[in-house]
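Visitor: There's a structure below that I have some questions on.
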Amino acid sequence: MNVFYCPEAVLNEDCTLDEVESGHITRVLRKREGEELYIFDGKGGLFDARIVSIGKRTVNIHIARLVKLEDDNGPRLHMAIALPKNIERFEWFVEKATEIGIAEITPLICQHSERRELRLDRIEKILVSACKQSLHLRLPRVNEPVKLDEFVVGIDRDVRKYIAYCEDGAIYFKDAYHGGFDAVVMIGPEGDFSKEEVLLAVANEFEIVSLGQSRLRLETAGLYSVTAFNLVNERTKGE
């Protein structure tokens with residue numbers, strides 16, 4: 001199934017696809033006026049659409065029918081993760097986490113962080129591509145980088161809060177989180193969180209959890225947490 005992204009898609013109205021999507025439709029798939037397409041809006045909607053006109057760099061379509069509206073009532077995972085020095089590793093995490101299922105990502109600026117900036121326009125392209133691959137209809141939200149101390153004090157009290165930290169005796173995340181609730185998981189940089197950052201998180205009701213005995217890269221730790229969150233909720237749903 002080929003799916004195309006149009007955030008302005010509204011039922012029974014026309015919209016224009018951007019140059020990237022239009023180029024794929026005309027130059028790769030060789031679509032013509034009058035042919036049908038599947039469109040998703042990144043907000044949960046999947047639509048049938050018809051090509052109205054084809055320009056040099058854009059394709060105009062008519063949104064004809066709502067095919068599916070993806071449920072957004074399940075537990076949501078918000079991952080707060082430090083930016084690695086090699087940004088490609090973060091981009092890999094974003095892609096794979098989107099394919100598995102994640103609601104929100106916040107890049108963290110920690111005391112040991114080696115990178116503090118992020119190109120959100122590039123990340124959005126990765127999100128769109130990952131949603132097409134996995135047929136998820138909702139784009140995860142990716143926030144601007146934020147300092148850890150600002151992040152931990154701004155989290156809703158009703159959400160389950162965890163910080164992955166190498167501490168003897170810490171309970172595994174897969175055992176600490178029982179499913180059925182929204183959760184926030186913080187993953188630190190290559191040099192891990194500082195003691196002061198961990199104490200601040202605990203003071204703001206974050207629970208220290210372990211991701212296992214292996215020493216993981218930050219993007220691996222992030223993906224482990226995303227996978228565990230989804231598996232626990234799948235198991236809870238089936239009970």
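The values are calculated or read from the model by the stated rules, or taken from the named source; none is laboratory data. Everything numeric here is computed off the predicted structure, so don't read it as measured data. Every residue, glycine as well, gets a Cβ built from its backbone with ideal geometry; the counts of neighbours run over all protein chains shown.
Visitor: Could you go through region 185-205 and let me know if any residue there is of a type in the set (A, V, I, L, M, F, W, C), assigned to a loop (DSSP other than H, G, I, E, B) and within 22 Å of the chain's Cα centre (by Cα).
Guide: no
Visitor: Also, I was wondering about something else. Identify all residues within region 133-154 that are within 21 Å of Phe90 (Cβ to Cβ) and part of a loop (DSSP other than H, G, I, E, B); write none if there are none.
Guide: Selection gives His136, Leu139, Pro140, Asn143, Glu144, Pro145.
Visitor: Search region 214-225 for residues that are among the basic types (Lys, Arg) and pair each with any residue that is assigned to a helix (DSSP H, G or I) when their beta-carbon atoms are under 8 Å apart and the residues are at least 6 apart or on different chains.
Guide: Matching pairs, first to second residue: Arg217/Arg89.
Visitor: Name the single residue that is farthest from Asp48 (Cα to Cα) among those in region 3-27 being assigned to a loop (DSSP other than H, G, I, E, B) and touching a Leu at 6+ places or on another chain (Cβ under 7 Å).
Guide: Cys6
Visitor: For region 90-107, what are the residues that are over 11 Å from Pro140 (Cα atoms), crowded, with 23+ Cβ neighbours inside 10 Å and either in contact with a strand residue (DSSP E or B) (Cβ under 6 Å, 6 or more places away or on another chain) or of a type in the set (A, V, I, L, M, F, W, C) (or both)?
Guide: The answer is Phe90, Phe93.
Visitor: Sticking with this one: In region 38-69, which residues are out of contact with any Cys (no Cβ under 9 Å at 6 or more places or on another chain) and among the β-branched types (Val, Ile, Thr)?
Guide: Matches in region 38-69: Ile51, Val52, Ile54, Thr58, Val59, Val67.
Visitor: Go through Phe173, Phe181 for me and flag whichever is touching a residue at least 12 places away in the same chain (Cβ under 8 Å), aromatic (Phe, Trp, Tyr), closer than 20 Å to Gly212 by Cβ and touching a strand residue (DSSP E or B) at 6+ places or on another chain (Cβ under 9 Å).
Guide: Only one candidate qualifies: Phe173.
Visitor: In addition: Counting just the residues of region 189-205 that are touching a residue at least 12 places away in the same chain (Cβ under 8 Å) and hydrophobic (A, V, I, L, M, F, W, C), which one comes out surrounded by the fewest Cβ atoms within 10 Å (Cβ to Cβ)?
Guide: Out of the qualifying residues, it is Val202.
Visitor: For region 34-52, which residues satisfy the criterion of being of a type outside the set (Asp, Glu) and without any contact (Cβ under 8 Å) to a residue 40 or more places away in the chain?
Guide: Matches in region 34-52: Gly34, Leu37, Tyr38, Ile39, Phe47, Arg50, Ile51, Val52.
Visitor: Can you name every residue in region 34-89 that is of a type in the set (Val, Ile, Thr) and not in a loop (DSSP other than H, G, I, E, B)?
Guide: Ile39, Ile51, Val52, Ile54, Val59, Ile61, Ile63, Val67, Ile81, Ile87
Visitor: Among the residues of region 103-118, is there at least one that is of a type in the set (Lys, Arg) and either closer than 19 Å to Asn2 by Cα or not assigned by TED's automatic domain parsing to the domain that holds Pro189 (or both)?
Guide: No.
Visitor: Kindly indicate the residue of region 142-156 that is aliphatic (A, V, I, L, M) and touching a strand residue (DSSP E or B) at 6+ places or on another chain (Cβ under 7 Å) and also surrounded by the most Cβ atoms within 10 Å (Cβ to Cβ) among those meeting that condition.
Guide: Per the stated criteria, the residue is Leu148.
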